[in-house]
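Asks: Sharing a structure with you now.
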Amino acid sequence: MLVAAAVCPCPPLLVPEVAAGAAPELDAARAACADALGVLAAARPDRLLVVGPADETGQGRYAEGTPGSFRGFGVDVDVRLGRGRPDPTAPDLDPTAPERGLPPSLAVAAWLLAHTDRPDVPVEGLGVGGLLEAEHCVRAGQELAAPDQRVALLVMGDASACRTLKAPGYLDERAAGFDAEVARALGSADVPALKALDSALAHELKASGRAPWQILAGAAEHTALSGSLLYDEAPYGVGYLVAAWS
């Protein structure tokens, strides 16, 4: 069953080497992520699952130890998911994942896990395509929260990318309202509200967190978790949200 969750944004700029001179601008976001991960550690889970957006229409599983890199962003920084080495024979995992490496969202998660207090338990990753339908996301979350284990989720994803004229998606007047509802739902652990997020609108607003948040909603069904919103800003016209559920 799900015992705790941390929700974090996934811009590579969270990695100071990528942000370079602008790194201090996201210090508060990094601190909030560290606090959220501390909630996971305090819950003493048996297993940690990291969920984040990927350039896929379906789902891709990543074993502990799968490598990732920020070399594509111009810096010599490599990461691994958790502390182990990938086991290509592990059931239900994508055998090509070690060759492909972690998608950027899971690479950011791996960096956060390596630099903050984290549960010392097995880690597994799940990359989720942005076009995966809501009902499939909810069903995937239900399957992740196995009843025979204490499971914690680290859920990566950004809110809208359309908050300002200089945002990656330009200004969309609907973005602020969408982000405000997501922030409210994450801050109050409102499972029905997350399940009801409009996937078409989220896609138009370039909100990469929609599918991972709905996986969280599925995993959190029939639990009594409460939520806390730790960070809610849009420093580059992109909504970055941090929340903790316990």
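The values are calculated or read from the model by the stated rules, or taken from the named source; none is laboratory data. What you see is a predicted model; the values in this text were computed from it and never measured. Glycine gets a Cβ as well: all are built from the backbone with ideal geometry, and neighbour counts include every protein chain shown. Ligands, DNA and RNA are excluded from the accessible area calculation, which covers all protein heavy atoms including side chains. Shrake-Rupley method; radii C 1.70, N 1.55, O 1.52, S 1.80 Å.
Asks: Step by step: first the residues of the stretch 72-98, then only those that are under 30 Å from Gly21 (Cα atoms) and open to solvent by less than 40 Å² (accessible area, probe 1.4 Å), then the one that is modelled with the lowest pLDDT. Which residue is that? Break it down into steps so the answer makes sense when it comes.
Replies: The initial filter retains those residues of the stretch 72-98 that are under 30 Å from Gly21 (Cα atoms), namely 72-83.
Checking which are open to solvent by less than 40 Å² (accessible area, probe 1.4 Å) leaves us with 75, 77, 79, 81-82.
Numbers: Val75: 94, Val77: 95, Val79: 96, Leu81: 95, Gly82: 89.
Among those residues, the one meeting the criterion is Gly82.
Asks: Still on this model: Say whether the condition of being closer than 15 Å to Ala6 by Cβ, more than 17 Å from the chain's Cα centre (by Cα) and in contact (Cβ under 8 Å) with a residue 60 or more places away in the chain is met by at least one residue in the stretch 197-211. Step through it out loud before you land on a result.
Replies: To start, the set of residues in the stretch 197-211 that are closer than 15 Å to Ala6 by Cβ comprises 209.
Narrowing further to those that are more than 17 Å from the chain's Cα centre (by Cα): none.
No, the stretch 197-211 contains no residue that is closer than 15 Å to Ala6 by Cβ, more than 17 Å from the chain's Cα centre (by Cα) and in contact (Cβ under 8 Å) with a residue 60 or more places away in the chain.
Asks: Further, regarding this structure: Looking at the stretch 208-225 only, could you name the residues that are in a loop (DSSP other than H, G, I, E, B) and either basic (Lys, Arg) or open to solvent by 10 Å² or more (accessible area, probe 1.4 Å) (or both)?
Replies: Scanning the stretch 208-225 gives Ser208, Glu221, His222, Thr223, Ala224, Leu225.
Asks: Hey, could you check the stretch 226-246 for residues that are modelled with pLDDT of 95 or more, open to solvent by 30 Å² or more (accessible area, probe 1.4 Å) and not hydroxyl-bearing (Ser, Thr, Tyr) and say which is farthest from Pro192 (Cα to Cα)?
Replies: Out of the qualifying residues, it is Glu233.
Asks: In the stretch 25-58, what count of residues is obtained for those that are part of a strand (DSSP E or B) and touching an Asp or Glu at 6+ places or on another chain (Cβ under 9 Å)?
Replies: Residues that pass the stated criteria total 5.
Asks: Please name all residue pairs, on different chains or six or more residues apart, with Cβ atoms under 7 Å, provided the first residue is in the stretch 117-135 and is farther than 23 Å from Arg30 by Cα and the second residue is hydroxyl-bearing (Ser, Thr, Tyr) and open to solvent by 90 Å² or more (accessible area, probe 1.4 Å).
Replies: Gly129/Thr57; Leu131/Thr57; Leu132/Thr57
Asks: Which pairs do you get when a residue that is surrounded by fewer than 21 Cβ atoms within 10 Å (Cβ to Cβ), found in the stretch 139-153, comes within reach of a residue that is basic (Lys, Arg), reach meaning Cβ atoms under 9 angstrom, with the pair 6+ apart or on two chains?
Replies: Ala146/Arg47; Gln149/Arg47; Arg150/Arg44; Arg150/Arg47
Asks: Being open to solvent by less than 10 Å² (accessible area, probe 1.4 Å) and farther than 23 Å from Met1 by Cβ is the filter here, so list the residues in the stretch 168-196 that pass it. Outline the logic, then answer.
Replies: The initial filter retains those residues of the stretch 168-196 that are open to solvent by less than 10 Å² (accessible area, probe 1.4 Å), namely 175, 179, 182-183, 185-186, 194.
Passing the criteria: Ala175, Asp179, Val182, Ala183.
Asks: Take the residues in the stretch 197-207 that are part of a loop (DSSP other than H, G, I, E, B) and in contact with a Lys or Arg (Cβ under 9 Å, 6 or more places away or on another chain), then tell me which one is least open to solvent (accessible area, probe 1.4 Å).
Replies: As a first pass, look at the stretch 197-207 and keep what is part of a loop (DSSP other than H, G, I, E, B): 197-198, 205-207.
Those still in the list that are in contact with a Lys or Arg (Cβ under 9 Å, 6 or more places away or on another chain) too: 197-198, 205.
Details: Leu197: 19, Asp198: 81, Leu205: 0 Å².
Top of the filtered list is Leu205.
Asks: What are the residues in the stretch 59-71 that are part of a strand (DSSP E or B), over 13 Å from Val123 (Cβ atoms) and open to solvent by 10 Å² or more (accessible area, probe 1.4 Å), if any? Show your work before the answer.
Replies: First pass over the stretch 59-71, keeping only residues part of a strand (DSSP E or B): 59-62, 67-69.
Still in the running and over 13 Å from Val123 (Cβ atoms): 59-60, 67, 69.
Once the filter is applied, which keeps residues that are part of a strand (DSSP E or B), over 13 Å from Val123 (Cβ atoms) and open to solvent by 10 Å² or more (accessible area, probe 1.4 Å), the stretch 59-71 yields Gln59, Pro67, Ser69.
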